[in-house]
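Novice: This is the structure, below, for whatever I ask next.
The values are calculated or read from the model by the stated rules, or taken from the named source; none is laboratory data. Only a predicted model underlies this, so the values are computations on that prediction, with no experimental measurement involved. Positions of Cβ are generated from backbone atoms using ideal geometry, with glycine treated the same way; all protein chains shown enter the neighbour counts.
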Amino acid sequence: MPPNMKTGIKSASKPVFKTENPYTQTTLPQISPSDQTIILDLLCNLLEPLGRHRKTHHSPSTGKSKPKKRKRRNSTTSGDAAPDQKQTPLPPPPPPPPLAEYLTIGLNSTTRHLEALAALSAPTVAPESSKKSTGDGETSEALPKAESAENSPNTETHTPPPNQNLRPLSLLILPTPNPPSSLPHAHLPTLVYLSSLLPQGASPSPSRPQTRLILLPSSSESRIASVLHLPRVGALGIMEGAPGADALVSFVRERVGEVRVEWLEEAKKGVWKGVNVAGVGM
């Protein structure tokens, strides 16, 4: 029997240490439960016409492939059918409400839209040094990458500029209370902040407020999806100028704060923050 068990003295546990992020964490807006209820009601009232149109004129997806068309039977009367017996083509469905062009529904479409907006404010690539040192201590003029790529026919010399006509998002609704703990939503708060920055060369405009991030309970996804007649809605973006969304946008901008990503500004300064060590189980 070990000596510690004889004396009844417990052995001291070893201290465990872990490193933490030295930068300031992202500050997410806090929304009271009463405001969440009001926002959800206003959102469902706004989306109800679009969901009614989808329910009436779009068949829900069953996840199965369409059955193959059956071969027509060879009959003597099939080719001699009267014109009045042929089926007339169905009229095209009416167009969806104008609100449909101002929405990004789903994580993929919302992420692509935010990435395109963030690309407008992304800094240009720093040019390479015009001179490069050689092995014998001398310097030689270095050609830019764009000029050297002109000699190769299979290499593109430039990338197309980002779309300048993108509508910024007024609101981004996420049915999760804590995006950093959710892997599909963890990148969205940073994208919201980056997409709200002014484009390169643009003058400051007070008429373009930052996109508001609305964090709702996880149970709200089923209600939003039911209103839109969709199986799931992981994210929903509402663009600037969306018809019928003035009441919702004004209420949110009055009661919900902005996303603050202070670690991004701290990282730009290039200052060594040290190692943040925290003790666990000591």
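Yes/no per residue for (1) under 15 Å from Cys44 (Cα atoms); (2) in contact with a helix residue (DSSP H, G or I) (Cβ under 7 Å, 6 or more places away or on another chain):
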| site | (1), (2) |
| --- | --- |
| Val227 | yes, yes |
| Ala235 | yes, yes |
| Arg255 | no, yes |
| Glu265 | no, no |
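Novice: Here is a further query. Quick check on this structure: which one of Ser226, Ser218, Ser250 is hydroxyl-bearing (Ser, Thr, Tyr) and touching a Pro at 6+ places or on another chain (Cβ under 9 Å)?
Specialist: Details: Ser226 fails: touching a Pro at 6+ places or on another chain (Cβ under 9 Å); Ser250 fails: touching a Pro at 6+ places or on another chain (Cβ under 9 Å).
That would be Ser218, the only listed residue that is hydroxyl-bearing (Ser, Thr, Tyr) and touching a Pro at 6+ places or on another chain (Cβ under 9 Å).
Novice: Out of all the residues in the range 244-282, which are part of a helix (DSSP H, G or I), modelled with pLDDT under 85 and more than 22 Å from the chain's Cα centre (by Cα)?
Specialist: The first filter runs over the range 244-282 and keeps only residues part of a helix (DSSP H, G or I), leaving 246-255, 262-269.
Checking the rest, the ones that are also modelled with pLDDT under 85 come to 262-269.
Glu266, Ala267, Lys268, Lys269 - these are the residues of the range 244-282 that are part of a helix (DSSP H, G or I), modelled with pLDDT under 85 and more than 22 Å from the chain's Cα centre (by Cα).
Novice: Using the structure shown, decide if Lys66 is among the charged types (D, E, K, R), loosely packed, with under 10 Cβ neighbours inside 10 Å, over 29 Å from Pro184 (Cα atoms) and modelled with pLDDT of 75 or more. Spell out how you get there, then give the answer.
Specialist: On the way: among the charged types (D, E, K, R): yes; loosely packed, with under 10 Cβ neighbours inside 10 Å: yes; over 29 Å from Pro184 (Cα atoms): yes; modelled with pLDDT of 75 or more: no.
No; evaluated as a whole, the condition is false for this residue.
Novice: Next question, about the same structure. With respect to Val233, is the statement that it is over 23 Å from the mean Cα position of the chain (by Cα) and not aromatic (Phe, Trp, Tyr) true? Give the derivation first.
Specialist: Details: over 23 Å from the mean Cα position of the chain (by Cα): no; not aromatic (Phe, Trp, Tyr): yes.
For Val233, the condition - over 23 Å from the mean Cα position of the chain (by Cα) and not aromatic (Phe, Trp, Tyr) - is not met.
Novice: Being at pLDDT below 95 and within 20 Å of Asn165 (Cα to Cα) is the filter here, so list the residues in the range 212-239 that pass it.
Specialist: Hits for the range 212-239: nothing passes.
Novice: Is there any pair linking a residue in the range 203-223 that is closer than 25 Å to Gly241 by Cβ and among the basic types (Lys, Arg) to one that is at pLDDT below 85 and in a loop (DSSP other than H, G, I, E, B), with Cβ under 8 Å and at least six apart or on different chains, and which?
Specialist: Arg208/Leu198
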